[in-house]
Every structure is written in C-alpha cells, then in structure tokens.
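Have a look at the structure below before the remarks.
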Amino acid sequence: MVMSIRPSPFPSPPMPELPADHVATAEFQLRYEDLAQDGRMMMTALPPALGWTVWRALRNKLSPKQVQQRGIVPILTRLTVDGTDAAIRVDQSIEGTGGYELARHAPDGVVERLFMNMWVEVRGPSGRMMPPSGPGPMVVAGRLFAEHMFTKLFAPPAERKVTRLDVEGVAEPTADYAFPGADTARQLPEGAVAIDDDFRVDPTEICFGLDHTDSNQHVNSLVYPRLFAEAALRRLAEHGRSRNVLVRHLDIAYRKPSFAGDRVRVHVRAFLLGDRPGIVGVLVGEGEPLDRPRCAARILLG
C-alpha cells in the first residue's frame with residue numbers, strides 16, 4: 001500500500017510499501033472540538049488516529065514482549081501533521097488507515113539509532129454542520145508521520161541508546177531512515193521569509209499542572225502544539241496580522257519531558273511562506289538554552 005501525500009512545507013518520509021500485517025484501518029467518532037467552525041480538522045485531532053489504527057489494531061506486533069522485557073520502548077520523538085482544507089461532518093464516523101515500519105539510522109553503514117515510524121491518513125464524509133451540507137463522499141482530512149525512537153527508558157543516561165534489539169526471534173530493523181534530528185524543527189522552512197529577526201520570548205508564562213499531564217506521568221505530547229499555536233496567534237497580533245487562521249501544518253520534535261509544577265516559556269520567530277504566516281518556536285524553562293529546548297516546533301497557518 002502506498003499512501004498519497006500532499007505537498008508539505010515540512011518534509012517527512014512518505015509511507016513505504018508495507019506488508020499487509022503492518023497496516024490497519026479503523027473507524028472512530030469525532031468530538032465537536034476536533035473540527036474548526038469551517039469544518040476543517042484541527043491539528044491536535046489528527047494524532048489520536050495513531051491510537052485507533054496502529055497502536056490498537058496492531059498492538060501485538062508493535063512491541064514484542066521479549067523487547068519490552070529488555071527495557072526497550074519506542075518513545076515519540078517527532079510529529080509531522082498536515083491538515084487539508086476539506087470540510088467534513090462532525091456527526092459522522094470517520095476512518096483512518098495507518099501503518100508502521102521498524103527502521104535504522106545508519107550513516108556510513110554504522111547503526112546509530114533504531115526507530116518505529118508510523119503513518120496515518122484520516123478521511124471523513126464531506127460537508128458542514130453549519131450551514132448544513134452533506135454528508136457527501138469521503139475526503140482526506142489530514143495525514144501525519146510519527147517518529148518513535150527506541151530507548152532503554154529507565155537505564156542510566158549513558159546506557160539508554162539502542163542500536164540493536166538483540167532479541168531471539170525478533171528481526172533487526174533493515175529499512176534505512178534518514179533521521180533529521182530535533183534541531184530541524186526550529187529552522188525556517190525552505191522558501192520562508194522571516195518577519196522577526198530572531199526568536200522573541202512570548203510574554204505569557206506557562207505553569208504546568210495536572211490538567212496538562214497524562215498517565216505517562218508527564219505533560220502530554222499534544223499539549224505542546226496548542227501552546228505553540230496560541231503563542232503564534234499572539235505574535236501575529238503584535239504584527240497586526242489577521243488571526244482568522246487555522247494551523248494546517250505542524251512539525252514538532254520532542255527532546256525532554258515537562259512535569260506538573262514546571263514553569264516554562266515559548267520563544268517564537270514569525271515568518272511568511274508566500275502569503276501564509278507561520279512561526280518556529282522553542283519551549284524552555286528558566287535558564288535553559290534556546291539551542292537545547294524541551295521541544296521545538298514550526299507551524300504554518302492558513
């Protein structure tokens with residue numbers, strides 16, 4: 001199966017030809033807050049499709065018990081999300097098709113890291129609740145790429161890197177992945193024109209509480225895109241630009257977690273890509289360097 005992908009300002013690898021047992025399709029329901037008032041799907045509504053398709057339907061294949069017993073787990077390290085401009089109905093079931101591949105980053109033939117990469121495409125019945133239209137034919141609402149790096153999460157820092165699964169009966173990854181590194185998520189996209197000469201600290205301090213966390217005992221990964229989007233709107237307001245826009249493209253890299261009680265700030269740099277505004281941003285705690293952020297993101301609105 002090959003998934004068609006619309007052009008994106010933030011490059012990500014296309015879904016390769018995968019064996020049938022590495023691909024699944026699932027049907028699920030939307031919440032009202034998953035769509036904007038014009039019927040387009042929110043960026044934060046797309047990543048949960050990973051759970052409905054890949055994680056739930058293919059659970060037994062994703063992380064064999066022998067691998068888990070060695071303390072090796074795949075940790076989300078990057079999300080690249082692209083929303084289309086199609087309007088879909090919130091009161092109808094939607095579907096996602098997703099797949100995964102185990103891969104290695106092996107420059108010069110030497111394995112440096114192992115990855116579990118995932119792709120999902122989400123489709124829904126076309127139409128709008130207000131003004132009423134549809135439901136019509138199924139249309140693509142968005143797609144995403146998710147990079148997960150294998151690590152020994154609870155080992156001492158010097159022993160966390162995983163270059164081999166080293167488990168009897170489990171094949172070592174052979175697909176090659178050109179790992180871009182987290183720093184690319186804070187770089188201007190190709191063709192962009194900066195309207196800020198450097199990163200500007202957002203005036204709003206973020207104070208994390210339990211409302212931001214999940215059962216993994218840290219701030220949930222989908223909290224950060226919302227923080228960057230809100231900081232982007234504040235920066236657009238400072239530039240006197242319209243805020244009647246929606247995030248259509250997101251590229252976010254995760255370096256280290258945050259926890260309830262942490263106080264952090266977003267630093268942003270605004271740009272234009274054609275006539276569409278966007279920002280690159282980093283999230284840091286007090287005294288933390290901008291070139292080693294907890295996470296970095298770039299978003300394009302439209």
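Under a no-solvent Debye model with one identical scatterer per Cα of region 1-102, what's log10 I(q)/I(0) at q = 0.18, 0.19 Å⁻¹? The Debye formula, applied to the Cα set alone, gives -1.02, -1.11. Considering only Met129, Met149, Met118, the Gaussian network model of the chain with Cα springs below 10 Å gives its largest mean-square fluctuation to Met129.
Using the Cβ-Cβ distance between Ala194 and Ser93 with R0 set to 51 Å, the FRET efficiency works out to roughly 0.75.
Divide the volume of the convex hull around the Cα atoms of the chain by the residue count and you get 149 Å³ per residue.
On full extension, the segment bounded by Met130 and Ser242 gains 38.0 nm, given 0.36 nm per residue less the C-alpha separation. In terms of Cα atoms, the Rg and Dmax of region 183-301 work out to 13.8, 41 Å. A convex hull fitted around the alpha carbon atoms of region 72-196 yields 204 Å³ per residue. Using a Förster radius of 30 Å, what is the FRET efficiency between Gln217 and Glu168 based on their Cβ-Cβ separation? Nearest 0.05, please. E between Gln217 and Glu168, to the nearest 0.05, is 0.45.
How high is the FRET efficiency between Gln187 and Ile75 when r is their beta carbon distance and R₀ equals 30 Å, given to the nearest 0.05?
On the way: r = 23 Å, r/R0 = 0.75.
Between Gln187 and Ile75 the formula returns 0.85.
Based on the Kirkwood radius over alpha-carbon pairs, what is the Stokes-Einstein translational diffusion coefficient of region 150-243 at 10 °C with 1.306 mPa s viscosity, in µm²/s?
Working: Rh = 18.0 Å.
In µm²/s, the coefficient is 88.
For the pair Phe154 and Glu33 in one chain, pulling the backbone fully straight at 0.36 nm per residue adds 40.0 nm over the alpha carbon distance.
Coordinate-derived values only; no laboratory data. The shown structure was predicted, so the numbers you read here are calculated from the model rather than taken from an experiment. Cβ: placed from backbone, ideal geometry, glycine included. Neighbour counts: every protein chain shown.
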